[in-house]
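**Student:** Below is one structure. I have some questions about it.
All of the numbers you see were taken from the coordinates with simple rules; none came from a lab. Everything quoted here is computed from the prediction, not taken from an experiment. FYI the Cβ positions are ideal-geometry reconstructions off the backbone, even for glycines, and counts take in every protein chain you see.
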Amino acid sequence: MNELSELRVASEVSDLAREDAQGVTAPRSSLPSNRLGQLLMLPGQIVSLLVLVVPLVVAFYMSFTDWTPTHGSLLEATLVGLDNYKELLIYDTRFVEAVVRTLLISAVCLALEFVFGLSLAVLFLREFRGKAILFSAFLTPMMILPVVVGYTFWMLFQSNGPINQLLMLAFGSGAGLQWFRSAPLAVSAVIITEVWHWTPLFFLILLSGLNAIPENPVRAAVILGATPRQVFWRIVLPMLKPVIIVAFVIRAMEIVKLFDEVFMLTRGGPGTSTETISLYIYKLAFADFQLAYGAAAAFLVLLGTLVLIHLLLAPIRNQLLEARR
Amino acid sequence: MTGRKLTWPLAFVLFGALIVSLFPVFWIVMTAIKPPTDWNASPAIWIPSHPTLINFKTLFDPDSIRAYGVGGVSQAATNSVFGSLLASVVGTALSVAIGLFAAIGISRYANGGKATPLIILSGRMFPPAAIAVPFVIIYSNVGLIDTYRGLIAIYVAGTLPFSTWMLKSFVDDLPREIEEAAMIDGRSRLMAHVFVTIPLIRGGLLATTLFVFILNWSEFMFALVLSYSNVTTIPVQLARYVTATAGTLYGVQAALAVLAMIPLVLAGLLIQSHLARGMTFGAVKR
Amino acid sequence: MTFPKLEIVNLRKLFGNESFVALDGVDFAVEAGETVALLGPSGCGKSTTLNIIVGLEQPTSGDIRIDGRSVIGIPPGKRNVGLVFQDYAVFTHMTVFENLAFGLIIRGRAKAEIARAVHDVAELLGMQNSLKLSAAELGGSELQRVAIGRTLVTKPAILLLDEPLSNLEASARIAMRRELRRLQSEIGLTIIYVTHDQVEALCLADRIAVMNAGKLQQIERTSVICKKPDHVFVAGFMGSPPMNLLRGEIIGDGTSAGFRRDGLIIRLPSSEAFATNYVGQPIILGLRPESLTLAAANEATICGKVAVVEPRGPEAVVTVEAGTVSLKAVVPTAERPQEGADIGLLADPSSFVFFSGETGRRLAS
């Protein structure tokens, strides 16, 4: 903030402090001071404005031009209307492939993370010793930097690496795979890496949800004659639905941005077989310097993400609104 | 549902899952302590017979790195460690401070309407590769490219949704009456927040700080895009070691990776009980 | 030979490695079609007893028999016992119909059969029109009816209820009381319910089992228990206001006997001659508030000052203090005295109840 606005803020704060101190004999408990509230949110709004909104607006404007860094100033760039967007959606097969690929990989990863995470969470409902230590151990993968995860699995999937060694141990000396030379294997490697990295999140969230389910409905079901399996599918899972959806939304939001791990594992290869949207935009912007085009791609992705989240949240929209109140 | 014992088959499954969870960590730690002669062995060695800490030393010794004769990479990792610390610590501190005030504002006053929360949250939904584009342009014009100031600004904005939302859920847990009581005692509203609200969410504040620190420390893309010669963070340095050497510098790379991991694993252990809250923007509490 | 519907046989339950005795030899039987209330303060073991009957908990020792057969090894779903939780525990993610049908659905019955059974129960409880509603939209007493209906659909032999009226507000309580009484008479179920409120116990039950600290103090018909409490605990628990209990001793000289407490002496008529057996021993005298009437000073058993008058519609509860003694009497509203006035109380000797000052047990005449 510059000096002028700092002065303004300082005087407002002292005004408020004086005002409050004088008026305190009759506490205004039911009417929160709007000015203080606005003041408190100001830094956050400023940061968001400067560092989020402004660049977004710039990028949005840019997406309607044909600007590249060699063109001079952005303000002088020619507007080309929706050309970039049309190009992306209609002619750019690489873009469309990247989108479909990212969605497919995301869907598979989310499904696997959910199944593994839920299984682990259900296991943790039972009694056994050392639960606390095991809990920490199972959360570890989530805590590791994405680049390190990518790097580690890059090592693991090497031709002479431990994964191939284990395969050869189990299935004979010809069982070693060239993980990074073939498209399906490379995609599998990416999926395995992602699932390893983020299953703990589903485990954590689902376990919290399971522990929060009230005991009495479960008991009531048992008294009415339900087997443990029936209890799980008819009572527990349906009651877990809001938590499951939250987990999916949170993870979906992040996984469509998949970049770090893939960068370290395959760089998008072989060819473009593991190129996620983020990698493609990165290439457009920082290898090909097609910044305006890349910006358009980014906004399409943003739009898609918003739609995706809207759809995912639909089943529990009512519950979320009520919780707000 | 709860309280049943673990049967043997299930214990086996649990054990298997444990092995799978920890094996990659095991591998990278083992690689970090492999002497150079073991690095490119085929098949890869699991546990070095002569473990050594030399890789960690090499990391910080420019001459040793150069001695490996790897193209273009003669950097010791020292700058990157310094850079990560600077950007992460400062970025976290600012993010938490701003988020704290915003959290109190949103929780207690809920004005500024719905727009502010939504804007803050949408910061998470945009692909970083795309936000990087306008940033590079703006920063170039403003002279913030390749500076820590610029990187920190992004780190603050990027983690603001988490810090705000996580702290808001902690403030929400405190009944409003606590601040009312402090004000009846003669304090002004602002002072009530400073002396009453904030100390009462100490635990949550620590958890949020560590959580945001983890996010900033792990950040890769923006650092990659915005750093040239002055600014480096550990993730970028690691990527450089890998791409420039086509992976033949295993031990040293792994050593850097292990160094990067340690603060996070520790931080993760400390805030374990608050992880669910942080990861879901406060939607799910323990 | 016909067995009682339900027999609780010498039930013992220990918690926490034998350190806490929740149930200490509880033993009683319930006949088919009866309604029994388990009444007692919190922690007395009544809910534990309920859980053991339905099978959610196992006893440390003792037996539960239904129709003469032990059910201890049988899992809760197969005992043909229904339980309605205090918080109702309705399945909020299902509709009313699905809730009611649940027991039959998981048994794999045919759709038509399920529909019929659900509709019958819904009609019985007046819920025919709510069947399609989501359970999450219902209010307190509707939820309770769903919870009750849910067990009725499976046609249990015995219905258990945990504090059925305590979560309802006053008007709903009266309505539910009527509901339960109607169900009782229409279906002829054997009902056992747990409550800490003796009014709830008195209005619904055929017999009341008073429990305290894991023991069954007394099980007795409702109409009798207030007048013939077996134990000081029961006496002090039942009734509103409960029986006045005076600690003192018997004095006598062979020809006549009296009860003395500090300065207060109450002459005992010759019909209570047995009291002379207990001269000199600590005794607790029980006087029911309903048996105390206002009287002139020269006719009164006890004289004192009016401390508090609590109007209660057609009657009033008058607290009288005489020396160290404080007594409550129930008098018709028309006769109620002023606070602070001097007053005399006449006690009806035929309603005196004596308890041992040491064991608390009632002394028989």
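**Student:** Could you give the semi-axes, largest first, of the ellipsoid that matches the range B:78-231, computed as the square roots of 5 times the alpha carbon gyration tensor eigenvalues and rounded to whole Å? Don't skip to the answer; put the middle values down first.
**Tutor:** Values: eigenvalues 223, 55, 31 Å².
Equivalent ellipsoid semi-axes, largest first: 33, 17, 12 Å.
**Student:** Let me ask you something else. Say a site is exposed when it is one of the GluC sites (Glu not before Pro), sits in a DSSP loop, and has at most 12 other Cβ atoms within 10 Å; what is then the longest site-free stretch of chain C?
**Tutor:** Numbers: sites that count: C:E18, C:E169, C:E299, C:E339, C:E358.
Counting only loop sites that pass the neighbour cut-off, the longest clear stretch is C:19-168.
**Student:** Compute the acute angle (0 to 90°) between the alpha-carbon long axis of helix C:140-152 and the principal axis of greatest extent of the alpha-carbon atoms of chain C; round to the nearest 10°.
**Tutor:** Relative to chain C, helix C:140-152 is tipped by roughly 70 degrees.
**Student:** Another one. Please compute the average number of Cβ atoms from other chains found within 10 Å of each residue's Cβ in peptide A:284-291. Don't skip to the end; give the middle numbers.
**Tutor:** On the way: counts 3, 8, 6, 0, 0, 0, 1, 4.
Across the residues of A:284-291, the mean count of other-chain Cβ atoms within 10 Å is 3.
**Student:** Could you sort out which of C:K215/C:K328; A:K86/A:K257; C:K13/C:K155; C:K78/C:K228 sit more than 32 Å apart by Cα distance in this structure?
**Tutor:** Numbers: C:K215/C:K328 29 Å; A:K86/A:K257 22 Å; C:K13/C:K155 29 Å; C:K78/C:K228 39 Å.
With Cα atoms farther than 32 Å apart: C:K78/C:K228.
**Student:** Average partner chain C-beta neighbours within 10 Å, per residue of A:223-235? Display every interim value, and only then the final one.
**Tutor:** Numbers: counts 19, 16, 12, 7, 3, 2, 0, 4, 2, 1, 0, 7, 5.
The per-residue average across the peptide is 6.
**Student:** Per residue of C:85-97, count partner chain C-beta atoms within 10 Å of its C-beta, then hand back the mean as an integer. Intermediate values should be presented prior to the final figure.
**Tutor:** Details: counts 6, 1, 3, 3, 9, 3, 7, 4, 9, 3, 0, 0, 0.
Taking all residues of C:85-97 together, the mean is 4.
**Student:** Rounded to a whole number of µm²/s, how large is the Stokes-Einstein D of the range A:195-307 at 4 °C and 1.567 mPa s, given Rh as the Kirkwood radius over C-alpha pairs?
**Tutor:** Details: Rh = 17.3 Å.
My calculation gives 75 µm²/s for D.
**Student:** Helix check for chain A. Which DSSP H runs span at least 27 Å along their own axis by Cα, with a mean Kyte-Doolittle hydropathy no less than -0.5?
**Tutor:** On the way: long enough: A:3-22 (29 Å, -0.53); A:93-123 (44 Å, 1.77); A:183-212 (43 Å, 1.44); A:291-313 (32 Å, 2.30).
Correct list, ordered by number: A:93-123, A:183-212, A:291-313.
**Student:** Also: Whose amide H sits under 5 Å from the amide H of C:V90, counting only residues 5 or more places off or on another chain, with H placed in the peptide plane?
**Tutor:** Here nothing satisfies the definition.
**Student:** Please work out whether chain B counts as rounded, prolate or oblate from its C-alpha gyration tensor, where a ≥ b ≥ c are the square roots of the eigenvalues and a/c under 1.5 means rounded, while otherwise a/b larger than b/c means prolate and anything else oblate? Don't skip to the answer; put the middle values down first.
**Tutor:** Details: a/c = 2.55, a/b = 1.46, b/c = 1.75.
Cα axes put chain B in the oblate bin.
**Student:** Any number yet on Rg/Rh for the range C:160-238, C-alpha, Kirkwood? Show your work: numbers first, answer last.
**Tutor:** Working: Rg = 13.0 Å, Rh = 13.4 Å.
Value, to two decimals: 0.98.
**Student:** Given the Cα atoms of the range C:245-356, and with Rh set as the inverse mean 1/r over their pairs in the Kirkwood sense, what is Rg to Rh to two decimals?
**Tutor:** On the way: Rg = 14.4 Å, Rh = 14.5 Å.
The Rg/Rh ratio comes out at 0.99.
**Student:** From the gyration tensor of the Cα coordinates in the protein assembly as shown, what semi-axes in whole Å does the equivalent ellipsoid have, largest first, with each one equal to sqrt(5λ)? List each step's numbers first, then the result.
**Tutor:** Values: eigenvalues 1052, 250, 150 Å².
Semi-axes, largest first: 73, 35, 27 Å.
**Student:** What is the order of C:H196, B:H50, fewest Cβ neighbours within 10 Å to most?
**Tutor:** On the way: C:H196 18, B:H50 9.
Starting with the residue having the fewest Cβ neighbours, the order is B:H50, C:H196.
**Student:** In whole Hz, with x marking every Gly and Pro, tabulate ³J(HN,Hα) for the range B:95-106 from phi via Karplus 6.51 cos²θ - 1.76 cosθ + 1.60, θ = phi - 60°.
**Tutor:** Values, residue by residue: 4, 5, 4, 5, x, 4, 5, 4, 4, 4, x, 5 Hz.
**Student:** Take the alpha carbon atoms of the range A:174-210, find their center, do the same for the range C:16-77, and report the distance between the two centers in whole angstrom.
**Tutor:** Using only Cα atoms to place each centre, the spacing works out to 51 Å.
**Student:** Still on this model: Suppose we look only past 24 Å in the calculated P(r) of the range C:88-247. What percent of the Cα-Cα pairs does that tail hold? Provide the component values of the computation, followed by the final result.
**Tutor:** On the way: 5423 of 12720 pairs.
When all Cα pairs of the range C:88-247 are counted, 43 percent exceed 24 Å.
**Student:** If you don't mind, there's one more thing I want to ask. Compute the distance from the alpha-carbon center of the range A:116-144 to that of the range A:238-277, in whole Å.
**Tutor:** Using only Cα atoms to place each centre, the spacing works out to 22 Å.
**Student:** For the range C:1-141, with equal point scatterers placed on the C-alpha atoms only and solvent neglected, what are the log10 I(q)/I(0) values from the Debye formula at q = 0.11, 0.15, 0.16, 0.20 1/Å, to two decimals?
**Tutor:** One equal scatterer on each Cα of the range C:1-141 leads to -0.56, -0.93, -1.00, -1.20.
**Student:** Among rounded, prolate and oblate, which fits chain A when a ≥ b ≥ c are the square roots of the eigenvalues of its C-alpha gyration tensor, a/c under 1.5 means rounded, and a/b larger than b/c means prolate?
**Tutor:** On the way: a/c = 2.08, a/b = 1.09, b/c = 1.91.
The shape class here is oblate.
**Student:** Given H placed on each backbone N at 1.01 Å, which residues far from C:L268 in sequence or on other chains put an amide H within less than 5 Å of it?
**Tutor:** Excluding prolines and chain starts, which carry no amide H, the hits are C:A257, C:G258, C:F259.
**Student:** Using alpha carbon centroids, what distance separates the range C:314-347 and the range C:174-218, in Å?
**Tutor:** Computed from Cα coordinates, the inter-centre distance equals 32 Å.
**Student:** Given chain C, what whole percent of its Cα pairs are spread farther than 32 Å? The partial results should precede the final answer.
**Tutor:** On the way: 29926 of 66430 pairs.
For chain C, the share of Cα pairs beyond 32 Å comes to 45 percent.
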